[in-house]
Amino acid sequence: MNHQAPVYVRRSDDALLTVAYYHFYAWRGRRPFWAGLFMICGGFPIAYYPYADLRLGNVTLAMATTAGSGSLIIGVLLAVLGVALWFQQSIRVFAGVASILLALVSLPVSNLGGFFVGFAFSMVGGALALSWVPGKPADPAEATAMAPTATEPVVGMSKADAMAGGLHGVPAPRDSETAHASETTAHADGGRNSAG
């Protein structure tokens with residue numbers, strides 16, 4: 001036992017963190033979370049680099065351009081689109097297209113799209129927003145209707161094997177299979193090849 005470890009950690013604190021994690025996990029699963037995060041991460045370098053300066057001893061390198069306000073607007077719009085996407089999933093198509101267009105406009109406006117870092121993040125975020133589709137809740141009656149039963153034949157299983165109960169729908173090995181599969185035995189078994 002470590003003598004420096006705190007002894008006052010309670011079980012309820014651990015349960016609270018676990019509950020918070022699962023609530024966040026469920027919240028994240030119902031929206032295009034990663035698309036919004038990539039958009040926010042893409043907006044930061046686009047807005048930051050035109051206003052940044054690098055000091056090397058007595059020399060100051062400024063990357064400011066004449067379009068500094070344009071890059072600030074693009075970066076802020078990308079961040080706002082990312083946050084709005086988290087709370088309004090219905091704007092996913094608009095946000096995705098706008099993110100891709102803003103990323104393309106950032107190439108000539110703000111130091112090659114934040115030295116291609118912000119450009120890449122914004123393009124990926126826009127693509128993720130366009131490709132995200134809300135899931136449908138599972139219908140319990142539909143899920144049980146789709147599950148194979150012991151009397152329902154599985155692909156590659158004869159009706160007699162299914163009636164015999166071949167491990168609840170799993171076909172048993174056939175007697176015609178050989179230990180060494182060759183081209184002729186694979187075709188003789190109806191295209192089914194055995195693995196040794």
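Rule-based calculations on the coordinates, nothing more; no lab input. This structure is a prediction, so every number in the text was calculated from the model and none was measured. Methodologically, a virtual Cβ is constructed for each residue, glycine included, from the backbone with ideal geometry; neighbour enumeration extends over all protein chains shown.
The distance between label points at Phe44 and Ala84 comes to 2.2 nm (points 7 Å beyond Cα on the Cα→Cβ vector). Full extension of the chain segment joining Ile91 with Leu104 gains 2.7 nm, where the gain is 0.36 nm per residue of separation less the Cα-Cα distance. Using 0.36 nm per residue and subtracting the Cα-Cα separation, the extra length available between Ser131 and Asn58 on full extension is 21.4 nm.
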